[in-house]
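These notes concern the structure reproduced below.
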Number of protein chains: 4
Amino acid sequence: MKLGMIGLGRMGSNMVRRLMGAGHACVVFDRSPEAVEALVKEGAEGASSMDEFVAKLPGPRAIWLMVPAAGVDAAIDDLAPRLAPGDTLIDGGNSYYVDDIRRAKQLASLGLHYLDVGTSGGVWGLERGYCQMIGGEPETFHRLEPIFASLAPPMASSPRTPGREKREPGTAELGYLHCGSAGAGHFVKMVHNGIEYGLMASYAEGLSILRHANVGTKPREADAETTPLRDPELYAYDFDLGAIAEVWRRGSVVASWLLDLTAQALLEEPDLAGFAGRVSDSGEGRWTVKAAIDESVPAPVLSAALYQRFSSRGEGDYADKVLSAMRHAFGGHAERKV
Amino acid sequence: MKLGMIGLGRMGSNMVRRLMGAGHACVVFDRSPEAVEALVKEGAEGASSMDEFVAKLPGPRAIWLMVPAAGVDAAIDDLAPRLAPGDTLIDGGNSYYVDDIRRAKQLASLGLHYLDVGTSGGVWGLERGYCQMIGGEPETFHRLEPIFASLAPPMASSPRTPGREKREPGTAELGYLHCGSAGAGHFVKMVHNGIEYGLMASYAEGLSILRHANVGTKPREADAETTPLRDPELYAYDFDLGAIAEVWRRGSVVASWLLDLTAQALLEEPDLAGFAGRVSDSGEGRWTVKAAIDESVPAPVLSAALYQRFSSRGEGDYADKVLSAMRHAFGGHAERKV
Amino acid sequence: MKLGMIGLGRMGSNMVRRLMGAGHACVVFDRSPEAVEALVKEGAEGASSMDEFVAKLPGPRAIWLMVPAAGVDAAIDDLAPRLAPGDTLIDGGNSYYVDDIRRAKQLASLGLHYLDVGTSGGVWGLERGYCQMIGGEPETFHRLEPIFASLAPPMASSPRTPGREKREPGTAELGYLHCGSAGAGHFVKMVHNGIEYGLMASYAEGLSILRHANVGTKPREADAETTPLRDPELYAYDFDLGAIAEVWRRGSVVASWLLDLTAQALLEEPDLAGFAGRVSDSGEGRWTVKAAIDESVPAPVLSAALYQRFSSRGEGDYADKVLSAMRHAFGGHAERKV
Amino acid sequence: MKLGMIGLGRMGSNMVRRLMGAGHACVVFDRSPEAVEALVKEGAEGASSMDEFVAKLPGPRAIWLMVPAAGVDAAIDDLAPRLAPGDTLIDGGNSYYVDDIRRAKQLASLGLHYLDVGTSGGVWGLERGYCQMIGGEPETFHRLEPIFASLAPPMASSPRTPGREKREPGTAELGYLHCGSAGAGHFVKMVHNGIEYGLMASYAEGLSILRHANVGTKPREADAETTPLRDPELYAYDFDLGAIAEVWRRGSVVASWLLDLTAQALLEEPDLAGFAGRVSDSGEGRWTVKAAIDESVPAPVLSAALYQRFSSRGEGDYADKVLSAMRHAFGGHAERKV
């Protein structure tokens, strides 16, 4: 098929490469002419303006947007007037599914189709393939399946789930899935990322407990403010975290792709001194918690993971000062003044 | 009655003052001669050695220890050989109740009595009275009730609970309570402090949400890493936190003594800039969570409050670095390197 | 002043009573003629239709809505066409502040004023007074201060915060406060309730830990699935929770109005067997957490309190089943099948 | 090598099978003669008494205990007097590492060696191999490496971590690791299981949010007690959870072995109706949180995961009743009485 790609950052560019590798033709556009040029050298058709971009695509067009969530509406406003009924816009970024529902409705009134595609795979997608969660009209999804199938990882990249062989395959095993109506793709991707926050925090907390398993060997003052460690001899381990993460990769219940990456990071730099530990969060974790609240579903783990990221960036400082002020007020506790 | 007090820090000294004000005689001892001297000037009998201290107390002796939890065993080891069967030791500090159980057993084998008394009231106790939670043999408790009654706040300091008038008073309304066998006093005080952590954190989080209710008026970058605030106009409030805490003190469901203190702190310094926000924790909060776990009782709120204190002191930094390392590994996210 | 009140539930009726007791005249309306009749007997002016209600109020009118949050927009739609420029609508219920911002704008275009008033005090407000947090135009607020002042608790209901005497009083000490522009009142009330959730959960968890402090005296099976309690003799306390709550009311750091109520409830029924423990939540707790997320402010305690309410109603059941299914799959753990 | 195995439950029996498959000779003993008989048929040497068991093992003996944690001390007490200096006991179960430290010391005074081995792999270990985390003296560990190596998964079971090839292999890549002195193996296994709790809860919460993504299509009453769902049209998705778990297995960041198992469980029974959702916890999760607290390391995610298990079994019921009682007291909220 022929696909237009707008937004040639890391993700967009690599998707074009993977598609071209599978034999698809791609027309590419980006605000940065260099980004366009780079892909033209690899075989893509470049465009230097939105008009040229649209003109180079035969109808019915399929145009994939891979731009920051904050830029999707502007890109659609720019594109829509240039398109013809029957054309399809695909938002492959990290949009809030609420926006998908609105956009699908608006574009439908112009005769345009809209698919929302949550993609996971990050910088590894070019090589491993992209896991795709897709929302929108089933017909539009089906028409573009060749694209999704080429972007997806090969079925053999994971062993088959026992029991699957007895059933119609569906596409889940092929690495892409039509999840439901407009917004469904980004809803599933949102929750996927919420889960990711929880998984990451689980490893991080556990590794931190291992790392501090030597506190018994360090001096700790005993005063009215600090309770002494009762049994310091129980905390005298200096663990090799890289080796531990490595051994868990084989045969253990906590084996995962995230653990694979962690093992590598700890191998390279066990104390992770190069990282500041100010952890970003990019929307989906927040939206996941809000969805849980709307649904009345308890999500204590995913929420705790989110808040830890806020705290890592100093967002809890005022609350901490309130605590210090209270302790000073009722107990005369001499909180270390600044 | 005549009471011996060992440990003349803020708490111990004020208790002696409150007892003398109620007509009790006190013999006092402390490693610091100045602390002893100060109370002698106010009417206490001073001792310059443990031997002198014990000699000045008529049998059966009642000796109150008001020393840091880490020093209680040493003080008992020092005292016990000097005492006679029938004497009573009272630990009024913040001991772990597990230690009380052990000590009561050991001292009983010497014919000595032991009471554990959890006291709340902090620097305000001299003026307001001390709430006392007491564990140990009932007879020993009853013999020393005049002491507890004098230390406690007056019954009229809180309005009577409806329904109480129909029943035998008990001592709960008098501000002190025999909670059960050895350790019961410090167990109840432990949970009291665990609750205190949760209450404090509740106010702190709420006030922090109010303080940041103006985030919509501040610039926030929109990139692939940070989700933009969808509706900045909903976060354009500059609240007067001191006034809000004050208004809540009258007629609202969240009125409390902690709120009274918070209102005062915020009146004096609304941005609390004088505090670093590195919040200590002194044992009871930790023990409360451990007890919850032993009992299989969920305690998510009290635990979250405890962990926030750990985080405020930078104890979560390694976990945060692990998160940064993971994000770098799977998404190429350029975490700000140190 | 003369005030119109729409919505004569428990809250609305009692507010009318308190206002009349302070000498204000009230015109009242409710879908239930009985509710109107009851207040007419106590001196209010009744109305049997919206038209009659509006006609009985002299301009500029002040009309207080005390209806469920879900009914406010309908009530406004009904009222607005009958009003004249300069009239004021007051939403005293539990609206989402986001709706206040929208309504204030819409009504302003009709020349109407709008105040949002968060009120705390519940069924006790008639007797104790209502704590009021108010948002909207300052002029409108000032014009209606006589109403707010009469509804509020007396200043003497709490001891004065030290330092307050040196400053202009403001109204915070009078039990009502103009918090800011439209929505500010309900924003502050929202966070107030979020805090309330955290405070309540703190007491509830602590009391639960005390209640289960006798687990060591109960049989507990030891198998590969359940770890035995290591030191059962440490959990052999049968605490009197009513007495403990009572003693904490005097001189302790955790004293509060909520504790007063808890002490009474535990006095009446220590095991609380009459309660199912399916805990409702009514909006503000959820909105508080969403606001925290929008502001990037960590709120682990308030969130945990909210989720515990969800869990109490069985909303976590599917997640629990997923855990059971996983344990069965990897460990062959024979989860008790239904 | 020749190894003695005591405890022929699922884990112990399968380990014997895996060892025999690798050419090791095994002497087996269990309280159940049937369990012994079953393995004798497969080639093991059986013993019908402890004396016979010990006699059939040549010195220096290596004896692996695979019994419930609560039974390890009794087994050691039984065995130790029958052993000779230089013999080694291996605790391969789920002991608390604190007990390992004590046991290693006691056994050393008898000239006996002790290794603690945390094993992960569950019912899958026979086929996939067991991940082993080992504590104790290095020499003892080295002497028994042939055993550990045979029990472990093959190195090729996971792709090699980039960078590992440049270094000495160590044994982490071979699926077993000497983690440190006595207790280190079970400490690492303890944290491993703590992480496991967090990972499982992350998936469970996320899947629960997906499952309830259709709440907008269901009737929900609007009253003063319950806030209505603001935008029900945003929650109208009926997701196929089995397909979603399946698609995440390929190319996504949340891929893991636990997800593989979950995908299979959801394929077999999407609503998991056969599970009661009363989730056991077996010690390590609790000990992990206690270790975090001793170390002052925040562990909000692992703790929330643990508490959710408690709640799933109704352990939070009393706390919930306290909340209901409070709401009734201050707001007259008519909690549904039992």
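Just to confirm, what accessible area per residue do you get for region C:1-58 at 1.4 Å probe, in whole Å²? Please report the intermediate quantities before stating the final value.
Numbers: 2590 Å² over 58 residues.
Ligands and nucleic acids excluded, the result is 45 Å² per residue.
Per the 1.4 Å probe, what fraction of the accessible area of region D:148-212, in percent, lies on carbon and sulfur atoms?
Details: 1060 of 1910 Å².
Carbon and sulfur: 56 percent of the exposed surface of region D:148-212.
Measure nothing but the geometry: give the 0 to 90° angle between the long axis through the Cα atoms of A:97-108 and the longest principal axis through the Cα atoms of chain A, rounded to 10°.
10
Could you look at region B:40-143 and say what percent of its accessible area is carbon and sulfur, using a 1.4 Å probe and all protein chains? Working shown, then result.
Values: 2250 of 4010 Å².
The nonpolar share, carbon plus sulfur, comes to 56 percent.
Taking the label point as lying 7 angstrom from Cα along the Cα-to-Cβ axis, what are the distances from residue A:105 to the corresponding position in the remaining copies, in ascending order and in nanometres?
With the label placed 7 Å along Cα→Cβ, residue A:105 yields 1.8, 7.0, 7.0 nm.
Is region D:275-338 best put as rounded, prolate or oblate by its Cα gyration tensor, with a ≥ b ≥ c the root eigenvalues, rounded for a/c under 1.5, and otherwise prolate when a/b is larger than b/c, oblate when not?
Details: a/c = 4.03, a/b = 1.84, b/c = 2.20.
Oblate is the answer for region D:275-338, as a/c is 1.5 or above yet b/c matches or exceeds a/b.
Looking at this model, which pairs from B:321/D:105; B:2/B:41; B:290/C:189 are more than 28 angstrom apart at the alpha-carbon?
Violating the 28 Å Cα-Cα cut-off are B:321/D:105; B:290/C:189.
How large is the charge dipole for region A:1-157, taken about the Cα centre, if only the Cβ atoms of Lys, Arg (+1) and Asp, Glu (-1) carry charge, to the nearest 20 debye? Before the final figure, lay out each step's value.
On the way: 14 positive and 19 negative charges, 55 e Å.
That gives region A:1-157 a dipole magnitude of about 260 debye.
Please give the solvent-accessible surface of residue C:109 in Å², to the nearest 10, using a probe radius of 1.4 Å with every protein chain present.
90
In vacuum, with every alpha carbon of region A:85-144 counted as one equal point scatterer, what does the Debye formula give for log10 I(q)/I(0) at q = 0.15 Å⁻¹? Two decimals, please.
-0.47
Once label points are set 7 Å from the Cα along Cα→Cβ at both residue B:142 and residue A:157, what is their separation, rounded to one decimal in nm?
7.8
Got the relative contact order for region A:131-260 handy, in percent, Cα pairs under 8 Å and 6 or more residues apart?
23
Nm distances between the label at residue D:271 and the same-position labels in the remaining copies, 7 Å along Cα→Cβ, shortest first?
3.5, 5.6, 5.8
Roughly what percent of Cα-Cα pairs across region D:110-161 reach past 17 Å? Can you show the working numbers first?
On the way: 570 of 1326 pairs.
Value for region D:110-161: 43 percent of Cα pairs lie more than 17 Å apart.
On each of the three principal axes of the Cα atoms of region B:41-119, give max minus min coordinate, whole Å, ordered largest first.
37, 25, 18
How large is the charge dipole for chain B, taken about the Cα centre, if only the Cβ atoms of Lys, Arg (+1) and Asp, Glu (-1) carry charge, to the nearest 20 debye? Don't skip to the answer; put the middle values down first.
Details: 34 positive and 44 negative charges, 72 e Å.
The dipole of chain B has a size of about 340 debye.
Considering every Cα-Cα pair within chain A, what fraction, in whole percent, is farther apart than 31 Å? Don't jump to the answer; show the numbers that get you there.
Working: 26519 of 56953 pairs.
Cα-Cα pairs of chain A separated by over 31 Å account for 47 percent.
Say each of residue C:32 and residue A:127 gets a label point 7 Å from the Cα, pointing the same way as Cα to Cβ; how far apart are those two points in nm?
Each label point lies 7 Å from its Cα, and together they span 7.0 nm.
Before anything else, pin down the relative contact order of chain A: Cα pairs under 8 Å, at least 6 apart, normalised by residue count, whole percent. Present the calculation step by step, with values, prior to reporting the outcome.
Values: 485 pairs, mean separation 39.4, N = 338.
About 12 percent, as a whole number.
With N residues in the protein assembly as shown, what two-decimal value do you get for its Cα radius of gyration over 2.2 N^0.38 Å?
Numbers: Rg = 33.6 Å, N = 1352, 2.2 N^0.38 = 34.1 Å.
Ratio of Rg to 2.2 N^0.38 Å for the protein assembly as shown: 0.99.
For the protein assembly as shown, with only Lys/Arg (+1) and Asp/Glu (-1) charged at the beta-carbon, what is the dipole magnitude about the Cα centre, in debye rounded to 20?
Roughly 0 debye for the protein assembly as shown.
At the nearest 100 Å², what buried accessible area, both sides summed, do you get for D and C when the probe is 1.4 Å? Let's see the in-between values first.
Values: alone 19250 and 19220 Å², together 32210 Å².
The buried area between D and C, both sides summed, comes to about 6300 Å².
What percentage of the solvent-accessible surface of region B:248-338, computed with a 1.4 Å probe over protein heavy atoms, is contributed by carbon and sulfur atoms?
50
What average count of beta carbons from other chains do you get within 10 Å of the Cβ of residues in D:70-77?
On the way: counts 8, 2, 0, 0, 0, 0, 0, 0.
Averaged over the peptide's residues, the number is 1.
In peptide C:118-131, how many Cβ atoms from other protein chains are near each Cβ within 10 Å, on average? Intermediate values should be presented prior to the final figure.
Values: counts 1, 2, 10, 6, 9, 6, 6, 2, 0, 0, 4, 3, 3, 9.
Shielding by partners across C:118-131 averages 4.
Along Cα-to-Cβ, 7 Å out, sits the label point; list in nm, shortest first, how far the one on residue A:23 is from those in the other copies.
Output for residue A:23: 4.9, 9.2, 10.4 nm, nearest copy listed first.
Could you give the nm distance between label points at residue A:273 and residue C:80, where each point is 7 Å from its Cα heading toward the beta carbon?
My value for the distance between the label points is 6.4 nm.
Under 16 Å from a label point 7 Å along Cα→Cβ of residue D:334: give me every residue in region C:19-50 with its amide N that close.
Answer for region C:19-50: C:32, C:35.
For peptide B:1-9, how many partner chain Cβ atoms fall within 10 Å of a residue's Cβ, on average?
Details: counts 0, 0, 0, 0, 0, 0, 0, 0, 1.
Counting Cβ atoms of other protein chains within 10 Å of each residue's Cβ and averaging gives 0.
Can you give the accessible area of residue C:327 in Å² (nearest 10), computed on protein heavy atoms with a 1.4 Å probe?
10
Hey, what's the per residue convex hull volume over the C-alpha atoms of region A:1-148, in cubic angstrom? Don't skip to the end; give the middle numbers.
Details: hull volume 14.4 nm³, N = 148.
It is 98 Å³ per residue.
Restricting to Cα pairs below 8 Å that are 6+ residues apart, what does the relative contact order work out to for region D:1-104? Please round to a whole percent.
On the way: 156 pairs, mean separation 28.1, N = 104.
That works out to 27 percent.
From the convex hull of the Cα coordinates of region B:233-316, what is the mean projected area in square nanometres? Before the final figure, lay out each step's value.
Values: hull surface 33.4 nm².
Averaged projected area of region B:233-316's Cα convex hull equals 8.4 nm².
Taking residue C:56 as the anchor, which aspartates and glutamates have their alpha carbon closer than 14 Å to its alpha carbon, excluding any fewer than eight residues away along the same chain?
Excluding near neighbours in sequence, the set is C:45, C:87.
Report P(r) for region A:102-199: all Cα-Cα distances, bin width 10 Å, range 0 to the bin holding the largest distance, values in whole percent.
Calculated P(r), rounded to whole percents: 16, 42, 34, 8, 1.
How large is the accessible surface of residue B:218 in square angstrom, using a 1.4 angstrom probe and rounding to the nearest 10?
120
For region D:176-289, what is the Kirkwood hydrodynamic radius in Å, using each pair of distinct C-alpha atoms?
On the way: mean 1/r = 0.0581 Å⁻¹.
By the Kirkwood definition, the hydrodynamic radius is 17.2 Å.
The values are calculated or read from the model by the stated rules, or taken from the named source; none is laboratory data. Keep in mind that this is a model prediction, so the values were computed, not measured. Here the Cβ is made from the backbone with ideal geometry for all residues, glycine too, and neighbour counts use every protein chain on show. These area figures cover heavy atoms from the full protein model, side chains too; ligands, DNA and RNA do not enter into them. Shrake-Rupley method; radii C 1.70, N 1.55, O 1.52, S 1.80 Å.
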